[in-house]
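> Can you keep this structure in mind? I'll have questions shortly.
Please treat every number below as a calculation from the coordinates, not as lab data. Being a predicted model, the structure only gives us computed values, none of them experimental. Using ideal geometry, Cβ is built from the backbone for each residue, glycine included, and neighbour counts are taken over all protein chains shown.
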Amino acid sequence: MLSNIVAGQKVHEQYGGVVPELASRAHQQHIVPVVDAAIKEAGIKKEDISAVAFTRGPGLLGSLLVGVSFAKSFGMALDIPLIEVNHMQAHILAHFIKNDEEKYPQFPFLCLTVSGGHTQIVLVRDYFDMEILGQTKDDAAGEAFDKAAKLLGLPYPGGPLVDKHAKNGDPKKFEFPIASVGEYDFSFSGLKTSLLYFLKNNLEINPKFIDENLDDICASYQDTIIRTLFNKLVKAARQYGVKDVTIAGGVSANSQLRSELEKVGQKEGWNTFIPPFQFCTDNGGMIAIAGYYKYLEQDFVGQDIVPSARLKF
Ligand code: KG4
Ligand code: ZN
C-alpha cells in the first residue's frame, strides 16, 4: 500500500445523516485533489499505473456516478483497463491488505460485515466466491448507532461517539429489545424505535434524563446491538463448521465489537481477524486490494460500465 487518502464529509454533521445530494457534490469536489494526493504520496507518476479499480456499488447512486465517471476518464486518458469492485466485497478483502504482523484468514471463513448501509454474515469461500447467509431486513447496524446518536443529541456520524460514551457506562443499566427474525438475519429498526419511546417517557419525568444517563444509555444500547450480532454469528460459525471468523466495515471500528470478537472467539475456538483500523471505514485501500486480485485474473470491464446502487455479489 503506497498511499491511502480518505476525504471526510463534514457537510452531513448538521443533518444527523448522509444527505445523498450533498454527498455526490462533495465527491465531485474531492475526487481530483484526492487522486492527486494519493499519487503524490505514493511517489509515482500517473504513467506508472497499470489499471484503475473503482466502486461500482452498492452505495448512493450520485456518489457512485462520480467515481465511475472519473475512473472511466482516467482509464481512457491513460489507456489502461478498468476494474469494477463491489463495495461490500472490498470491505471483506481489506483483510488481505499487506500488514507486517498479521496473518490472513484462511478460506472458507465467515465475515460479519457491518457498515452504515449493510449488516451481513458472509461465507467467504474464495476472493470473489462469497455467499450472504443473512442480512438486515431494515436498518444497518451503523444506522442503528447513528440514529441513536441523533436521538441523544450527538452529531453525525454518531457511531464513534456512542462507542466513546459506552466505555464509561453500565451495559446492564437499561434493557432494549432484540428483534427475532430469520435464521441469520437482523432487524434494527425496532431497537431504534424502542430507544425513541424510552427517551420520550423518561424525558417527560426528568428533562435532564439524557445528560444524567448518557454513558449508561450508550453502553446498554450498544451492548444490545453487539449481543444481537454475536448471537447470529456464533450460530452461523457452528452450523457451517467455520473456524476463521472476521469482522469488516465501519462498525468493526467499534471497541466493544472488537473486544467481544476476541472473547467469543476464545470460547468458540475461532481464529479471529480484524482489519487494521484505517481499513475498517470506507477507504481506497480496500478497493485497491479487491482490484489487485481481479487484476491478477485480468478481470476487466469496458467503458460501457454503469454504477449500480444495489449491486449484488
Ligand atoms: O463502512 P462505512 O465507513 O460506510 C458505509 O459503507 O456505510 O461505515 C460507516 C458506519 C457509520 O454508521 C458509523 O457510525 C459507523 O460505521 N462507525 C461506528 C464506529 N466507527 C464508525 N459505529 C460504532 N462504533 C464505532 N467506533
Ligand atoms: Zn462501506
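> For the pairs LYS173/LYS267; LYS173/LYS312; LYS164/LYS294; LYS167/LYS232; LYS167/LYS208, note any where the Cα-Cα span goes beyond 29 Å. Please report the intermediate quantities before stating the final value.
Working: LYS173/LYS267 25 Å; LYS173/LYS312 40 Å; LYS164/LYS294 38 Å; LYS167/LYS232 24 Å; LYS167/LYS208 21 Å.
Over 29 Å Cα-Cα: LYS173/LYS312; LYS164/LYS294.
> Any aspartates and glutamates with Cα under 18 Å of the LYS72 Cα? List them, leaving off those in the same chain fewer than 8 positions away.
Answer for LYS72, where 18 Å is the Cα cut-off: ASP36, GLU47, ASP48, GLU84, ASP299, ASP304, listed by chain and number.
> Based on DSSP loop calls and a cut-off of at most 16 other Cβ atoms within 10 Å, the longest stretch of the chain free of exposed GluC sites (Glu not before Pro) is what?
Details: sites that count: GLU101, GLU102, GLU175, GLU183, GLU297.
That would be 184-296.
> Taking Cα centroids, how far is the stretch 255-313 from the stretch 108-155 in Å?
Taking the Cα centre of each part, the stretch 255-313 and the stretch 108-155 sit 12 Å apart.
> Test of understanding: given the chain, find the longest segment containing no trypsin sites (Lys or Arg not before Pro) that are in a DSSP loop and have at most 14 other Cβ atoms within 10 Å. Mind dumping the intermediate values first?
Values: sites that count: LYS45, LYS98, LYS103, LYS137, LYS167, LYS172, LYS173, LYS208, ARG310, LYS312.
That gives 209-309 as the longest site-free run.
> Averaging sequence separations of C-alpha pairs under 8 Å and six or more residues apart, then dividing by the length of the chain, give the relative contact order as a whole percent.
On the way: 562 pairs, mean separation 79.7, N = 313.
Reported as a whole number, the value is 25 percent.
> Something else about it: Percent relative contact order of the stretch 103-275, based on C-alpha pairs within less than 8 angstrom and at least six residues apart? Provide the component values of the computation, followed by the final result.
Numbers: 315 pairs, mean separation 48.2, N = 173.
Taking the mean separation of contacting Cα pairs over the length of the stretch 103-275, I get 28 percent.
> Now for a different question. From the Cα trace of the stretch 49-127, what convex hull volume per residue do you get, rounded to a whole Å³?
Values: hull volume 8.6 nm³, N = 79.
Enclosed volume per residue, from the Cα hull, is 108 Å³.
> Return the tail of the calculated pair distribution for the chain, meaning the percent of Cα-Cα pairs more than 26 Å apart.
Working: 23582 of 48828 pairs.
Summing the P(r) tail past 26 Å for the chain gives 48 percent.
> Moving to a separate point now. State, as an integer percentage, the relative contact order of the stretch 82-132 based on alpha-carbon contacts under 8 Å between residues 6 or more apart.
On the way: 48 pairs, mean separation 12.9, N = 51.
With pairs under 8 Å counted, the relative contact order is 25 percent.
> Rg and Dmax of the stretch 103-275, Cα atoms, in Å?
Just the Cα atoms of the stretch 103-275 yield Rg and Dmax of 16.4, 55 Å.
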